[in-house]
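Shown next, in structure tokens, is the structure this report addresses.
The values are calculated or read from the model by the stated rules, or taken from the named source; none is laboratory data. Computed from a prediction, not measured in an experiment: that's the story for all the values here. A quick note on method: Cβ atoms are made from the backbone with ideal geometry, for glycine too, and the neighbour counts reach across all protein chains shown. Ligands, DNA and RNA are excluded from the accessible area calculation, which covers all protein heavy atoms including side chains. Shrake-Rupley method; radii C 1.70, N 1.55, O 1.52, S 1.80 Å.
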Amino acid sequence: VFSKIFSHEALESYLPKIQLVIKDTLRAWSSNPEPINVYHETQKLTFRMAIRVLLGFRIPDEELGRLFEVYQQFVENVFSLPVDLPFSGYRRGIRARETLQKGLEKAIQEKLQNTQGKDYADALDILIESGKEHGKELTMQELKDGTLELIFAAYATTASASTSLIMQLLKHPRVLEKLREELRSKGILHNGCICEGSLRLDTINGLQYLDCVIKEVLRLFTPISGGYRTVLQTFELDGFQIPKGWSVMYSIRDTHDTAPVFKDVDVFDPDRFGQGRSEDKDGRFHYLPFGGGVRTCLGKHLAKLFLKALAIELASTSRFELATRTFPRITLVPVVHPVDGLKVKFFGLDSNQNEILTGTDAMLGATV
């Protein structure tokens, strides 16, 4: 079922909806007279993308905001020690989960009753249809669990990578300009705006420099540190015997830091993935931001598509600058993110790449 949810056809149908959510979000960021907290706002963005695009829920913005706050409470407390005391994080997590499940149940029921005006099959549609194909009508509990799983998969790691992307574009203006040059050369960006109908899935997948930029963000700033596996049969590694049944952890971050194929590992250099160098092509498991083997991340193509769509919008329709004197320190827990969330001021651009005045600025200008 997940292969259908993340198939080429499914991604093609999600793309216009993803673009709309990103455009709407960047417009809101640009109209804010104050700097935004990028990490917090990208969490909102990826949550909204999951709710609106993957699940097709038509929840009003105000209700969506409340659901996001409850979801954050759930995520913040989900790894708390299972000590069931009245004011414990565990108890808060349980309460948040119950509230969240009620909100999701309401949204699922409304979705099942209102099938009019749908122009694409979202992930939840595919999940429901797959159950019917196998002669099994999914229960409400199974639908809620599947919904929560899809939100969880799309949320924290994508917000982390989105924040890292914005920070690297701020740190490396030449990379941003090179991105713009590629978009112009492919007829996507013209006179400062994205040409109507130019962004198809195949077109985006054909943007080689954009692909290099996203790969390099995920190499240097892999959202999660590693993964766990169960040993299916005893094997030997560097003279040590690893018994069947053991749990082992592999480190994505250490692999990227020590892999001999990467030159100057601490340098942000998208060209390392270009045709001339192709540093990710030497060896099977030197580059693994989404894990490796049969348990590789199922949503990796959706995550990369989202990051590429965000990068295209950032390069095409926004000007943004760091709102603090220096770039913040990065923390690795629970996922990679800047300690202060990354404070950035966004400015909208019109079709001539001129800054659009926010509503407040425009009114102030009119009274002078």
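Flag: E76 does not match the condition of being surrounded by fewer than 16 Cβ atoms within 10 Å (Cβ to Cβ) and more than 19 Å from Q43 (Cβ to Cβ). In region 207-224 there is at least one residue that is open to solvent by 50 Å² or more (accessible area, probe 1.4 Å), closer than 28 Å to L169 by Cα and outside any helix (DSSP H, G or I).
In region 176-196, what residues are open to solvent by less than 60 Å² (accessible area, probe 1.4 Å) and more than 13 Å from L210 (Cβ to Cβ)?
Hits for region 176-196 are G187, G192, C193, I194, C195.
Test of understanding: among A366, A323, which residue is among the small types (G, A, S), at pLDDT below 90 and open to solvent by 20 Å² or more (accessible area, probe 1.4 Å)? The match here is A366. Checking the structure you have, find out if any residue of region 35-47 is without any contact (Cβ under 8 Å) to a residue 60 or more places away in the chain and closer than 19 Å to I151 by Cβ. Yes: one or more hits. In region 18-33, what residues are in contact (Cβ under 8 Å) with a residue 24 or more places away in the chain and of a type outside the set (G, A, S)? Scanning region 18-33 gives I18, Q19, V21, I22, K23, L26, R27, W29, N32, P33.
Just name the residue that is surrounded by the most Cβ atoms within 10 Å (Cβ to Cβ) out of those in region 329-343 that are in contact (Cβ under 8 Å) with a residue 12 or more places away in the chain and over 11 Å from P223 (Cβ atoms).
The extreme case among them is L342.
Taking every residue in region 256-275 that is under 22 Å from P173 (Cβ atoms) and pairing it with any residue that is surrounded by 15 or more Cβ atoms within 10 Å (Cβ to Cβ) and of a type in the set (V, I, T), at least 6 positions away or on another chain, the pairs with Cβ-Cβ distances below 6 Å are P270/V213. For region 105-123, the set of residues classified as buried (at least 17 other Cβ atoms within 10 Å of the Cβ) and in a helix (DSSP H, G or I) consists of A107, I108, K111, A123, listed by residue number. Can you pull out the residues in region 268-292 that are open to solvent by less than 40 Å² (accessible area, probe 1.4 Å) and of a type in the set (K, R)? If the condition is that a residue be open to solvent by less than 40 Å² (accessible area, probe 1.4 Å) and of a type in the set (K, R), then R272 is the only one that fits. Within region 106-127, being out of contact with any Gly (no Cβ under 9 Å at 6 or more places or on another chain) and under 26 Å from V75 (Cβ atoms) holds for K106, A107, I108, Q109, E110, I126. Contact map, region 124-143: first residue part of a helix (DSSP H, G or I), second residue acidic (D, E) and open to solvent by 90 Å² or more (accessible area, probe 1.4 Å), Cβ cut-off under 7 Å, separation 6 or more or different chains; pairs are G131/E137.
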